[in-house]
Each structure stands twice: as C-alpha cells, then as structure tokens.
Amino acid sequence: MLKTKVLIVDDEIDYLSVMRERLESWGYRVILAQGGKEGLAAAKEKSPDIVILDYFMPDLDGVAVLKAIRKFNKGLAVIMLTSHADIKNIKGAQELGVSAFIPKLSAYSDVQASLKSALDIIQKNIENKKG
C-alpha cells in the first residue's frame, strides 16, 4: 500500500523539520516547502494527497496559496495552521474548502492530537474514494 503524501508548507525551517519527523513517525510520506511560492510549486509538481498550510507567510500567505491551488485542484484536502486564529481567518479558509483549521500555538488545544485527528479523517476519506 502506498503511503499518503503530505505536503507541509511553512516559512519556518525548524517547524518544517519537526513536522516532517512527526508525520513520518505516523506513517506519512512528507514533502516540505519553505514558503508560499515553493509550496504552490510543490502542490503542482508533487501531487500531494494532503496539504498542511501555514496561514501567515511573508512571500505568499496561506489563503493566496490555497486560492491558486483551487484553480488546478478543487478537491485537494488542506489543513490550515496558524498562530493567529481569528474568525475572519477561519471563515475565509472555510470558504476555500479547508478540511481543518488548527491553531499552531494555543493553551487550549493539543495541536498534535488535533493534527493527527484531522489527518486520520482525511486519510479515511481518501481510502473510501479509492474504493
């Protein structure tokens, strides 16, 4: 069975490294992209099954990347991460078909558990579609 490919797009190289290690330990094949422009190119070229996308990045923010992705892949599963969650961000991301919106840092949430749960749900949906 082929491993699910997950593209992680973030501008923080240390965060990318930690996320790669975590997701690989969960059995996913990981593709890293540092920044929005690199992430958009990787989404086109690498055909990931799932994208984990940071909301705030200096070159292209997560919404700009997601809008561009939706032009060539309307059904790609996307998990949006941000350290600045607010209703406006969440609503804008939901309108673009985000599968999950998870705060990066929060005293009230377990990011690892939330991310694992979202990935598991998306993985099951992918498997069900493949039949």
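The values are calculated or read from the model by the stated rules, or taken from the named source; none is laboratory data. Please read these numbers as outputs of a predicted model, since none were measured by experiment. All Cβ positions, even for glycine, are placed from backbone atoms using ideal geometry, and neighbour counts span all protein chains on display.
Restricting the search to the stretch 19-46, which residues are at pLDDT 95 or above, under 13 Å from the mean Cα position of the chain (by Cα) and under 15 Å from Lys3 (Cβ atoms)?
Val30, Ile31
So, in the stretch 13-33, exactly how many residues are exposed (fewer than 15 other Cβ atoms within 10 Å of the Cβ) and closer than 21 Å to Tyr55 by Cβ?
Within the stretch 13-33, residues that are exposed (fewer than 15 other Cβ atoms within 10 Å of the Cβ) and closer than 21 Å to Tyr55 by Cβ number 4.
Given the condition among the basic types (Lys, Arg), out of contact with any strand residue (DSSP E or B) (no Cβ under 6 Å at 6 or more places or on another chain) and closer than 21 Å to Asp120 by Cα, answer yes or no: does some residue in the stretch 9-24 qualify?
yes
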